[in-house]
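Below is one structure, written out as structure tokens; the observations come after it.
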Amino acid sequence: MIAITSNTVSGERIQEIVNHIEQFGVQAHVSKGMDRTVIGIIGKGEPTLAEQLRQMKDVEQVIKISKSYKLASRDFHPDNTVINIKGVEIGGDQLVVMGGPCAVETPEQIDEIAKLVKQAGGQVLRGGAFKPRTGPYSFQGVGVEGLEMMAEAGKKHGLLTITEVMTPEYVNVCAEYADILQVGTRNMQNFDLLRKLGESDTPVLLKRGFSSTYDEFLNAAEYILAGGNPNVMLCERGIRTFETYTRNTLDLTAIPVLQQLSHLPVISDPSHGTGRRELVETMSKASVAAGANGLIIEMHTDPDNSMTGDGVQSLFPDQFANLLVDLKKVAEAVGLKFDAVK
Ligand code: PEP
Ligand code: MN
């Protein structure tokens, strides 16, 4: 349920209303929007509380929210969430590009790629140190050493960093080194991991499970938000369909739908979404045209020798740089800035 007041109601009065609500043993989350303040209420005890709120001075409307996720919904938080990480805003008026290899391999590899991501105008360096591989005999990542290598490269070249965390035990270690923690598609419903990330304040990029509905996806985000971490981005990375030509089917519709249902930033991953290098540029531009707040793109200096199978979907450095020039035009056409690219 949400209670709506005009934004002219004082903070003191809002606090009084919140105190009243909390007497019912439920939680109240206040979201101050441009022209109204929304108080989201989570918990039971609704019928009498709803009645009382309807009669209260300054409360304009009380609406029952039937969606199972609350904090992730736009009803609870009408304005877009903008996540500011060391001055880089995600979800605001800037397009954000995250680029880098599927996996961190060596210090030289990640340093060289970081340099190229920065030169091209990207703001975030991606790279997995812990890799969720479908088979147990495949390369599993270089672990904590990889986190160190990536943190150093990011710092040296002035980039934020994002890396995948696979288990609750590693959340704190990964957060020590990286600016953003990625939850992979295979872990979208790893509820222990989501709960642990809720206790952190490090921003999280949550990838959509490859067979998950929007509702399941937003409920997964809700776990992190309900734990107290408001810094969540949603990532569409392709879903499994009957089509086998592409690795996954990038669900472009997810971008506007998630933005209608939720206030969280939406990032598109055309690399895993297509699995084919020759499709990544087109689907990157299509994602921005569809309203994505950012992209996460695999790029490698030597994709043929990449240690994961994702070389086939990794852009060459010059392709990546040319793409970012084109993306600036698409971004501007949809009202986004991309200042890092001249
Ligand atoms: C990745 O980003 O390299 C990755 C493993 O992604 P996903 O979880 O989307 O497959
Ligand atoms: Mn990958």
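The values are calculated or read from the model by the stated rules, or taken from the named source; none is laboratory data. Small disclaimer: the values here were computed from a predicted structure and weren't measured. For neighbour counting, all protein chains shown are included, and Cβ atoms are generated from backbone atoms with ideal geometry for every residue, glycine included. Note: accessible area is taken over every heavy atom of the protein model, side chains too, but ligands, DNA and RNA are not part of it. Shrake-Rupley method; radii C 1.70, N 1.55, O 1.52, S 1.80 Å.
Things worth noting here:
- Residue within region 14-23 that is touching a residue at least 24 places away in the same chain (Cβ under 8 Å) and part of a strand (DSSP E or B) present: no
- Among the residues making up region 234-281, those that are aliphatic (A, V, I, L, M) and within 14 Å of ligand 1 (Cβ to nearest atom) are LEU234, ILE239, LEU250, ALA254, ILE267, VAL280.
- Which numbered condition ILE39 fails, given (1) open to solvent by less than 20 Å² (accessible area, probe 1.4 Å); (2) closer than 18 Å to LEU218 by Cβ; (3) out of contact with any Phe, Trp or Tyr (no Cβ under 7 Å at 6 or more places or on another chain): (2)
- Taking the listed residues ALA292, ALA331, ALA321, ALA286, the one that is within 22 Å of LEU206 (Cα to Cα) and surrounded by 19 or more Cβ atoms within 10 Å (Cβ to Cβ) is ALA292, with no other qualifying.
- Close pairs (6 angstrom Cβ cut-off, 6 or more residues apart or separate chains): under 18 Å from ASP269 (Cβ atoms) in region 306-318, of a type outside the set (S, T, N, Q) and near ligand 2 (Cβ under 9 Å from one of its atoms) anywhere: THR308/CYS102; THR308/ALA103; ASP310/CYS102; ASP310/GLU298; GLN313/GLU298; SER314/GLU298
- Output for region 213-239, where each listed residue is touching a residue at least 60 places away in the same chain (Cβ under 8 Å) and assigned to a loop (DSSP other than H, G, I, E, B): PRO230, ASN231
- LEU258 open to solvent by less than 10 Å² (accessible area, probe 1.4 Å) and closer than 19 Å to VAL82 by Cα: yes
- Counted residues, region 107-148 - those being crowded, with 19+ Cβ neighbours inside 10 Å, away from ligand 1 (no atom under 16 Å from the Cβ) and among the hydrophobic types (A, V, I, L, M, F, W, C): 3
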